[in-house]
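Structure first, then comments.
The values are calculated or read from the model by the stated rules, or taken from the named source; none is laboratory data. Bear in mind that the values here come from a model prediction, so they are computed numbers and not experimental data. Virtual Cβ from ideal backbone geometry, glycine too; neighbours counted across all protein chains shown.
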Amino acid sequence: MCSIFGFVNYGNKVKGWQLKELVKALSIESEVRGTDASGIAYVKNGEMTIFKQPKPAHKMRFYFPSETKILIGHTRMTTHGSPKKNYNNHPFLGRTKDGYFALAHNGVLYNDMKLKESEELPNTCIETDSYIAVQLLEKYGELSFETIAKMSEAVIGSFVFTMLTDDNTLYISKGENPLCLLHFKELGLYVYASTKEIMGKSIARCFLKKHTFEGVTVEEGEIIRIDKSGTLERGCFIIDAYDCGYHYGFGRHLAYWDDYYDYLDEPGQGDLFEVCSSFGLSQDDLLLLYEMGYDDEEIETMLYDTDLLRQCVEEARVCINEYY
């Protein structure tokens, strides 16, 4: 469970210090969904700039030019790839024939290794599952509604992808993960965050609390494109490509259930399940904890505190219901 946030300042009415206040508020409030690492991406003098560190947002100082048109941000809760290795953190840099782009992802992908093999993608040092989206887009050769739809249909898991190109265009591809997008028309400003709660708390602690806004609906299966002049266009992808219709008892759609079990077949995962089962933790519960971003070490620690273990599982169920 990570968080994404950002803005499109197409009206040039918002001052630099206000944008920095906004990013500070968004990033700190986004810590509720991840504190392992934080990062932003923006375009400076026509070049993609990415700044990220394995630190929680409140310990970061995000600097960017006052004239920045579009910024994408991310706070990370680790599922794959140690955050201490900064190349595993978001946003990621990619390149196509048209130039560079940055990508940030909220969610968990389960078929990244299968795609790497089937698409014959190059090996890299990056261990994060999200990076497969960058590699697919690089292979497709450009960022467009068509290529982003193709990528979104290829991956299996939960996601909202944000992508920023070096010509200052923002793309958002929404899977089943949450997204809140607002339009402050009088300011010429779009602002987004992962949830309405994060957005509300962010607005309350910055200059935006004095301004009115309109909510922009983004449905599952939609792709949003906003350019530097504020023009918003919509595309779509086929959500059936990853929704097999399986349900948990509490109503959560799962993407290709078999791939969740394939995940447990990876080295070390099956061994952990054997240990967990002796403590009364079902395979569904273990998968749910993975979905919420707990790693093996954290889960093993929980096993020796039964109350904590059940509390975390129940909280995960409530959270999944709330956000999905």
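Filter the range 156-170 down to the residues that are free of Cβ contacts under 8 Å to residues at least 60 places away in the same chain and surrounded by 24 or more Cβ atoms within 10 Å (Cβ to Cβ) and list them by number. Across the range 156-170, the qualifying residue is only 161. Remark: pairs (first residue in the range 177-204, outside the structural domain of residue 104 (by TED's automatic domain parsing) and part of a loop (DSSP other than H, G, I, E, B); second residue at pLDDT below 95 and not aliphatic (A, V, I, L, M); Cβ separation under 7 Å; 6+ apart in sequence or on different chains) are absent. Residues in the range 205-226 that are without any contact (Cβ under 8 Å) to a residue 60 or more places away in the chain and either of a type in the set (D, E, K, R) or in a strand (DSSP E or B) (or both): 209, 210, 214, 215, 216, 219, 220, 222, 224.
Taken together, 114, 97 contain a single residue that is charged (D, E, K, R), out of contact with any Gly (no Cβ under 9 Å at 6 or more places or on another chain) and surrounded by fewer than 16 Cβ atoms within 10 Å (Cβ to Cβ), which is 114. Might you let me know whether the range 20-39 holds any residue that is modelled with pLDDT of 95 or more, over 17 Å from residue 192 (Cβ atoms) and under 13 Å from the mean Cα position of the chain (by Cα)? Looking through the range 20-39, at least one residue is modelled with pLDDT of 95 or more, over 17 Å from residue 192 (Cβ atoms) and under 13 Å from the mean Cα position of the chain (by Cα).
Tally up the residues in the range 1-46 that are touching a residue at least 60 places away in the same chain (Cβ under 8 Å) and within 25 Å of residue 231 (Cβ to Cβ), please. Looking only at that region, the number is 18. Criterion first (touching a Ser or Thr at 6+ places or on another chain (Cβ under 8 Å) and modelled with pLDDT of 95 or more) does residue 228 satisfy it? Considered against the rule, which asks whether it is touching a Ser or Thr at 6+ places or on another chain (Cβ under 8 Å) and modelled with pLDDT of 95 or more, residue 228 comes out as yes.
Of all residues in the range 60-80, exactly one satisfies the criterion of being under 15 Å from the mean Cα position of the chain (by Cα) and without any contact (Cβ under 8 Å) to a residue 60 or more places away in the chain, namely 80.
Scanning the range 79-107 for residues that are touching a Cys at 6+ places or on another chain (Cβ under 9 Å) and within 22 Å of residue 178 (Cβ to Cβ) returns 79, 90, 104, 105, 106, 107. The numbered conditions (1) polar (S, T, N, Q); (2) in contact (Cβ under 8 Å) with a residue 24 or more places away in the chain; (3) within 28 Å of residue 87 (Cα to Cα) are all true for residue 123 except (2).
Each residue in the range 182-213 was checked for being buried (at least 21 other Cβ atoms within 10 Å of the Cβ) and either within 15 Å of the chain's Cα centre (by Cα) or closer than 23 Å to residue 137 by Cα (or both), and 4 of them qualify.
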